[in-house]
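Structure record follows, encoded as structure tokens.
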Amino acid sequence: MPVEFLGIAATNDGSETTARSGAAFDKEYTLRLARAHEDHGWDRVLFAYGSGSPDPAPAAAYIASRLDRLQILLAHRPNVSYPTYAAKTFATLDQISGGRLTVHFITGGNDHEQGREGDTLTKDERYARTREYIRIVKKIWTTREPFDHEGAHYRFHDFVSDVFPVQQPRPDVSFGGSSPAAYAAGGAEADIYCLWGEPLAKTAEQIEAVKAAAKAAGRTDVPRIQVAFRPIIAPTEELAWEKAHRTVGAIKQRRQAGLARHHRNGVPEAAAPQNTGSQRLIAIAEAGERYDRALWTPTAAATGGAGNSNALVGTPETVAQALLDYYDLGVDVLSARGYDLLGDAVDFGRHVIPLVREEVAKRDAEREAARTAHDPHQTLAAARG
């Protein structure tokens with residue numbers, strides 16, 4: 001199966017290890033980082049969402065209008081706009097990008113962060129709202145006649161959009177989470193299900209949970225699986241581990257100095273996480289530092305399980321093989337974000353992505369050859385062709 005690489009579309013150069021050098025929205029840096037991804041083999045970049053962060057939708061439109069190939073993953077929280085409005089925004093952005101949009105719907109895992117923008121629903125209520133929201137957006141994207149909606153969270157009458165996506169029948173929907181409620185919602189509605197990097201065995205368990213949820217929802221297909229990591233690479237194993245320990249030292253130093261930035265979802269790093277995904281990362285870190293081929297948990301521990309925070313450490317060859325281990329589990333979207341956002345995007349694109357793509361192509365060719373060898377009709381068809 002094809003493999004895709006997802007990077008980050010940050011709007012400034014700040015990270016967990018380095019304070020940003022300018023404003024929250026640095027237009028030149030945003031374009032420079034996106035162009036580095038496009039020029040070095042990445043497929044897509046994520047425009048993330050935070051309550052006080054720059055609005056990702058116009059930032060994505062800015063990049064889409066200036067780059068020709070890079071695809072866009074736009075994060076969106078249902079609490080910030082009505083679904084009729086959001087569906088038009090997404091369709092317009094898909095038009096601007098020429099059909100390069102995927103929308104990542106965020107339910108919200110922390111009550112305090114959600115409350116910053118007036119969202120007072122409980123977590124379970126938020127998941128129910130997200131499912132209703134996604135269904136409405138999908139219908140607006142694909143319906144040419146006015147319709148009414150009477151739901152638990154949204155009601156409207158005689159609505160029809162006059163702007164539709166380039167992608168037909170619609171853009172893909174992305175969704176993430178590690179709780180049973182998340183599996184149920186994403187299993188029912190997502191085209192791509194997003195997980196944070198965990199040990200292989202635990203990732204396999206989560207994939208099975210997503211598949212079971214999709215089946216329970218009556219689907220005959222299953223979402224594609226995305227897994228996210230923080231790669232730390234260097235020319236030798238020794239240098240990579242030295243870099244890894246320097247990285248954790250820098251994270252801790254920033255926190256101790258009181259300069260650590262908030263989580264990507266806006267929650268102070270000192271706060272105990274409410275979301276299941278972060279709780280899982282902390283538990284995994286407490287159980288051990290190293291797993292499988294290259295997974296390293298101290299980066300997650302140092303940030304309090306802040307989102308995508310488990311690292312893959314080693315040479316490009318080691319990290320590529322580690323990513324292929326996840327590919328073999330059924331993961332076909334690999335998300336990666338370094339701590340030096342620009343430099344690491346270039347290095348990962350130059351030294352890791354080609355290795356993974358080459359091996360994936362080889363494995364796919366071997367599987368196809370094996371399938372053809374066991375199917376005489378395919379062999380005959382190939383000979384005639």
Surface share of carbon and sulfur [accessible, 1.4 angstrom probe, percent] for the chain: 52 percent
Dipole magnitude of the chain, debye to nearest 20 (Cβ charges: Lys/Arg +1, Asp/Glu -1, about Cα centre): 360 debye
Residues whose modelled amide H sits under 5 Å from the amide H of residue 172, counting only those 5 or more places away in sequence or on another chain, are 103
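For the range 142-207, what is the relative contact order in percent, using Cα pairs closer than 8 Å and at least 6 residues apart in sequence?
Values: 55 pairs, mean separation 14.3, N = 66.
Computed value for the range 142-207: 22 percent relative contact order.
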Give the shape of the range 138-188 as rounded, prolate or oblate, defined through the alpha-carbon gyration tensor: a ≥ b ≥ c are the square roots of its eigenvalues, a/c under 1.5 means rounded, and otherwise the shape is prolate if a/b is larger than b/c and oblate if not. oblate
Give me the one-decimal nm value for the distance between modelled label points at residue 212 and residue 364, 7 Å along each residue's Cα-to-Cβ direction. 3.1 nm
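Evaluate the chain: find the radius of gyration of its Cα atoms, find its Kirkwood radius, and give the ratio Rg to Rh.
Numbers: Rg = 21.0 Å, Rh = 21.7 Å.
Value, to two decimals: 0.97.
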Rounded to the nearest 10 Å², what accessible area does residue 237 have for a 1.4 Å probe in the complete protein model? 70 Å²
What nm value, rounded to one decimal, do you get for the distance between residue 272 and residue 154 when each label is placed 7 Å out toward the C-beta? 3.5 nm
Enter the accessible area of residue 96 (Å², nearest 10), with the probe set to 1.4 Å and all protein chains included. 80 Å²
What figure in square angstrom, to the nearest 10, would you give for the accessible area of residue 104 with a 1.4 Å probe? 30 Å²
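Answer rounded, prolate or oblate for the range 216-358, using the Cα gyration tensor with square roots of eigenvalues a ≥ b ≥ c: rounded when a/c is under 1.5, else prolate when a/b is larger than b/c, else oblate.
Working: a/c = 1.81, a/b = 1.10, b/c = 1.65.
Judged from the Cα gyration tensor, the range 216-358 comes out oblate (a/c at least 1.5, b/c at or above a/b).
Quick check for you: with a 1.4 Å probe and neighbouring chains kept, what is the accessible area per residue of the range 1-107, in Å²? Could the numbers behind the result be given before it?
Numbers: 3970 Å² over 107 residues.
With the other protein chains kept in place, the range 1-107 gives 37 Å² per residue.
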Over the Cα atoms of the range 320-363, what is the Rg over Rh ratio if Rh follows Kirkwood? 0.99
At R0 = 25 Å, how high is the FRET efficiency between residue 355 and residue 205 if r is their beta carbon distance? Nearest 0.05 is fine. 0.35
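Between residue 220 and residue 25, what is 0.36 nm times their sequence separation minus the Cα-Cα distance? Round to one decimal in nm.
On the way: separation 195, 0.36 × 195 = 70.20 nm, distance 4.24 nm.
Computed gain between residue 220 and residue 25 is 66.0 nm.
The values are calculated or read from the model by the stated rules, or taken from the named source; none is laboratory data. From a predicted model like this one, the values you see are computed outputs, not experimental measurements. Quick reminder, even Gly has a Cβ in these numbers, built from the backbone with ideal geometry, and neighbours come from all protein chains shown. Calculation scope for accessible area: heavy atoms of the full protein, side chains included, ligands and nucleic acids excluded. Shrake-Rupley method; radii C 1.70, N 1.55, O 1.52, S 1.80 Å.
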